[in-house]
Amino acid sequence: MRYVESSVTTSPKRISKIGLGTWQFGSGQWGYGSRYADNDAALIVRRALELGITLFDSAEVYGLGRSERILGAALAAVPGGLDRAYVATKLLPIVPVGPVVEQRAVASAHRLGVRHLDLYQVHQPNPAIRDRWTMRGMAALRAVGLVGDVGVSNYSLARWQEADAALAAPVLSNQVEYSLARPRRGAALLDFAARESRIVIAWSPLAQGLLAGHYDVTHRPSGQVRAANTLFGTENLARATPLLDVLREVAAAHGASPAQIALAWTIHHPQVVAIPGASGVAQVESNAAAADLDLAADEYAALSAAADRFTPLAGPQALAALAAERLRR
């Protein structure tokens, strides 16, 4: 496992380049069933720790708090697990003013079974309430020791910098959708992260499995989450074929899977970490192994060029196409 370097984190813990996203824990949307929450999630967390994964990301909205409870219990069940884990969770920013931020952090810490949140993030920018109000709560949480590092999620560069100024201290991270399928989403943030020793946390680094190469126009996903994702429309799956072909070619050269190469591309930048989910122990093992893959310069360039050429349908056009396909079924 590799670890990201940052001079502005307050934590002595190392932050792994590959983390574990836990949206699936406790959420019925993925269709994994009760056994996943009751048994598989704990096995995944234990194995992740054994493999050197330290970054575990949750949110109060995942499973309406169940994800945090399942993650906290799984970490506590491993001797020294909470001491090694860099635990991150997120605030749902409904009326995110100081007292609300403080109350929600206390609730998240209680569900996780911890006295200290290593990273507390604002899940989305609130369009009506600016960060000067939200960061008052974050500053108070840091002052009493409940929160170590402060982060944001789905912020533009300008809004990230606004949060920085409002906190009057570095906002360590920005969690954004960033992958070979969405390479432009994080491009404006990377220079800032490199210059200021910050971290970009890539969510959906495998584009919900598109980059694993399992799906095409003849094999569509059936789960609720993927079925609602416009990337899995017939037209977009066809458009993704050239990108997936390059992924498979590079993967064959490394004896790796397309998913592992996609993760290796995502974390190639020194200030980027990725938080893929895992449906089982084998998947978390595969994800962790991607941290040790070294892409040659020409391979990285070829993947980047293929990603730049991938122009999926988006917005109303993509939603209309997806709705039309559902009506035809």
Going by the conditions given, is residue 84 touching a residue at least 40 places away in the same chain (Cβ under 8 Å), under 18 Å from residue 274 (Cβ atoms) and more than 18 Å from the chain's Cα centre (by Cα)? no
Does region 43-52 include one or more residues that are touching a residue at least 60 places away in the same chain (Cβ under 8 Å), within 24 Å of residue 169 (Cβ to Cβ) and open to solvent by 20 Å² or more (accessible area, probe 1.4 Å)? no
Any chance you could count how many residues in region 264-303 are outside any loop (DSSP other than H, G, I, E, B), small (Gly, Ala, Ser) and either without any contact (Cβ under 8 Å) to a residue 24 or more places away in the chain or loosely packed, with under 15 Cβ neighbours inside 10 Å (or both)? 3
What is the one condition in (1) open to solvent by 50 Å² or more (accessible area, probe 1.4 Å); (2) modelled with pLDDT under 90 that residue 40 does not satisfy? (1)
Could you please find all residues in region 106-145 being of a type in the set (Asp, Glu) and more than 22 Å from residue 14 (Cα to Cα)? 131
With the structure loaded, tell me whether residue 59 is surrounded by 20 or more Cβ atoms within 10 Å (Cβ to Cβ), at pLDDT 95 or above, in contact with a strand residue (DSSP E or B) (Cβ under 9 Å, 6 or more places away or on another chain) and under 28 Å from residue 293 (Cβ atoms) or whether it fails that test. no
In region 1-15, anything more than 17 Å from residue 52 (Cα to Cα) and open to solvent by less than 50 Å² (accessible area, probe 1.4 Å) is listed as 6, 8, 9
Return the residue satisfying two criteria in turn: it lies in region 205-226 and is touching a Ser or Thr at 6+ places or on another chain (Cβ under 6 Å) and assigned to a loop (DSSP other than H, G, I, E, B), and of such residues it is modelled with the lowest pLDDT. 217
Does residue 16 satisfy being within 19 Å of the chain's Cα centre (by Cα), more than 28 Å from residue 136 (Cα to Cα) and of a type in the set (Gly, Ala, Ser)? yes
Mind listing just one residue for me: the one in region 104-130 that is open to solvent by 10 Å² or more (accessible area, probe 1.4 Å) and in a helix (DSSP H, G or I) and, of those, nearest to residue 94 (Cα to Cα)? 104
Selection from region 142-190 of residues that are part of a helix (DSSP H, G or I) and touching a Leu at 6+ places or on another chain (Cβ under 8 Å): 157, 160, 188, 189
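For (1) of a type in the set (Phe, Trp, Tyr); (2) under 30 Å from residue 304 (Cβ atoms), each residue gets a yes or a no:
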position: 92; (1), (2): no, no
position: 111; (1), (2): no, no
position: 131; (1), (2): no, no
position: 136; (1), (2): no, no
position: 140; (1), (2): no, no
position: 150; (1), (2): no, no
position: 159; (1), (2): no, yes
position: 175; (1), (2): no, yes
position: 178; (1), (2): yes, yes
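The values are calculated or read from the model by the stated rules, or taken from the named source; none is laboratory data. As the structure is a computational prediction, the values presented were derived from the model and not from experiment. With ideal geometry, Cβ positions are generated from the backbone for all residues, glycine too; neighbour counts draw on all protein chains shown. Note: areas computed on protein heavy atoms with side chains; ligands, DNA, RNA excluded. Shrake-Rupley method; radii C 1.70, N 1.55, O 1.52, S 1.80 Å.
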